[in-house]
Amino acid sequence: MEGIISAWGRILRGYAPSLSIEITRECPLRCPGCYAYGDEHLGGDLTLREVRDFKGQELIDGVLALVDKHKPLHLSIVGGEPLVRYRELNTLLPLLSKRGIHVQLVTSAVRQIPPEWHDIKRFTMVVSIDGLQPEHDARRTPATYERIQKHIVGHRITVHCTVTRQQIHRPGYIEEFLKFWSAKPEVRKIWMSLYTPQIGESSAERLTPSDRQRVVSDLMALRLRYPKLEAPKGLLDAYIDPPSSPDECVFARTTTTVSADLKTKITPCQFGGTPDCENCGCIASAGLAAVARHQLWGFIPVGTIFSGSVRVGEQLKRLRPTEAEA
């Protein structure tokens, strides 16, 4: 409850309670379907690999300046591959923790994870794993199953799998994935997203409507057998009926996403471009949609209160003097 109250306070003051930073443009992987390196991710004028990024003290100072500006409760560090900047993160992560910010770092675990990260408070490490070993290794080499299992030893991680059409070619595939990773002592939770396409996209990754229904039905049953799978019913319902546009998406409206140059904002959400919201499978969007649809006292949707808070915050933000005026 304290976290919800803090988030609402920031919304009322005109701040997004969540910030996401693409900390580097570099990544040794070339994963098919990766939205971050799509041609339209940054609006079409340039791609993530073409923006300027930073290293060393310049990167540390730049990230802290963004945090000071946006005052987030939650910070997601993504890429590119964040472990490319592990030296800078060795300095940044403890500083962010001391500020009381909850930090989530999304990685492929392609390289050794610094052992000292294990003891950082308010820190979550999310490792992206694309299905079972044959499919994953084909898509995400050099971040292979062998490397991941070696590099997560001594850590506590969340496994995140984005379900694509290639992964559901046979019955029992998702359960086999859950069984394998649930058995690993390093794994605290398992998150399952569905592949989110861009409008008009035709790709091998894109799920059909019947694929989505089948995956959600499977997850609805599997969550009862695999406690590490974090898939409450409200979240799964949101995969079937996602927010219809960025204006209806709580995640898009409460998260500021910035590219590796530390200034280019990615809109309308972390995917950039023109995401097909009617086929959204983002776990963050679905989770917050489930919260927004929850009814207080049985009749007031949380989303109604949220929308009113956003309007008030936006009005107050317009009334505040700009940095140049202050």
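The values are calculated or read from the model by the stated rules, or taken from the named source; none is laboratory data. In this text, all values refer to a predicted model and were calculated from it rather than measured experimentally. Glycine gets a Cβ as well: all are built from the backbone with ideal geometry, and neighbour counts include every protein chain shown.
When we screen 239, 226 for residues that are part of a loop (DSSP other than H, G, I, E, B), aromatic (Phe, Trp, Tyr) and in contact (Cβ under 8 Å) with a residue 12 or more places away in the chain, the only hit is 226. Only residues that are in contact with a Pro (Cβ under 9 Å, 6 or more places away or on another chain) and under 16 Å from residue 278 (Cβ atoms) were counted across segment 204-227, and they come to 2.
Select from segment 69-86 the residues that are modelled with pLDDT of 95 or more and over 15 Å from the mean Cα position of the chain (by Cα) and write down the one among them that is nearest to residue 147 (Cα to Cα). Ranking the candidates gives 83 first.
Of all residues in segment 178-198, those being out of contact with any Ser or Thr (no Cβ under 7 Å at 6 or more places or on another chain) and of a type in the set (Gly, Ala, Ser) number 2. Restricted to segment 141-177, and to residues there that are aliphatic (A, V, I, L, M) and closer than 13 Å to residue 112 by Cα, the residue that is farthest from the chain's Cα centre (by Cα) is 153. Search segment 90-103 for residues being in contact (Cβ under 8 Å) with a residue 24 or more places away in the chain and surrounded by fewer than 19 Cβ atoms within 10 Å (Cβ to Cβ), and hand back the single one that is nearest to residue 28 (Cα to Cα). Restricting to residues being in contact (Cβ under 8 Å) with a residue 24 or more places away in the chain and surrounded by fewer than 19 Cβ atoms within 10 Å (Cβ to Cβ), the top hit is 90.
Checking each residue in segment 44-62 for being surrounded by 13 or more Cβ atoms within 10 Å (Cβ to Cβ) and in contact (Cβ under 8 Å) with a residue 12 or more places away in the chain picks out 48, 49, 51, 53, 54, 55, 59, 60, 62.
Rundown of residues vs (1) surrounded by fewer than 19 Cβ atoms within 10 Å (Cβ to Cβ); (2) of a type in the set (Val, Ile, Thr), yes/no style:
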residue: 163; (1), (2): no, yes
residue: 166; (1), (2): yes, no
residue: 169; (1), (2): yes, no
residue: 189; (1), (2): yes, no
residue: 192; (1), (2): no, no
residue: 198; (1), (2): no, no
residue: 203; (1), (2): yes, no
residue: 208; (1), (2): yes, yes
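For segment 16-33, does any single residue satisfy the condition of being at pLDDT below 90, at negative phi and crowded, with 17+ Cβ neighbours inside 10 Å? Scanning segment 16-33, I find at least one residue that is at pLDDT below 90, at negative phi and crowded, with 17+ Cβ neighbours inside 10 Å, so the answer is yes. Inside segment 25-62, residues that are closer than 21 Å to residue 161 by Cα and basic (Lys, Arg) make up a count of 1. Taking the criterion of being buried (at least 17 other Cβ atoms within 10 Å of the Cβ) and touching a residue at least 40 places away in the same chain (Cβ under 8 Å), the residues of segment 262-275 that qualify are 262, 264, 266, 270, 271, 272, 273, 275.
Taking segment 48-62 as the range and being within 11 Å of residue 264 (Cα to Cα) and of a type in the set (Val, Ile, Thr) as the test, only 51 passes. The residue of segment 214-253 that is nearest to residue 293 (Cα to Cα), among those that are among the polar types (S, T, N, Q) and touching a helix residue (DSSP H, G or I) at 6+ places or on another chain (Cβ under 7 Å), is 244. Inspect segment 8-15 for any residue being within 19 Å of residue 252 (Cα to Cα), out of contact with any strand residue (DSSP E or B) (no Cβ under 9 Å at 6 or more places or on another chain), assigned to a loop (DSSP other than H, G, I, E, B) and modelled with pLDDT under 95 and give the result as yes or no. Scanning segment 8-15 turns up at least one residue that is within 19 Å of residue 252 (Cα to Cα), out of contact with any strand residue (DSSP E or B) (no Cβ under 9 Å at 6 or more places or on another chain), assigned to a loop (DSSP other than H, G, I, E, B) and modelled with pLDDT under 95. Taken across segment 195-215, residues that are within 29 Å of residue 249 (Cβ to Cβ), among the hydrophobic types (A, V, I, L, M, F, W, C) and free of Cβ contacts under 8 Å to residues at least 12 places away in the same chain do not occur at all.
Mind checking whether some residue in segment 63-78 is in a helix (DSSP H, G or I), crowded, with 16+ Cβ neighbours inside 10 Å and either touching a Gly at 6+ places or on another chain (Cβ under 8 Å) or not aliphatic (A, V, I, L, M) (or both)? Yes - at least one qualifying residue is present in segment 63-78.
Count of segment 135-155 residues, restricted to those that are within 19 Å of residue 34 (Cβ to Cβ) and either buried (at least 17 other Cβ atoms within 10 Å of the Cβ) or not hydrophobic (A, V, I, L, M, F, W, C) (or both), is 12.
The set of residues in segment 225-260 being of a type in the set (A, V, I, L, M, F, W, C) and surrounded by fewer than 16 Cβ atoms within 10 Å (Cβ to Cβ) consists of 240 alone.
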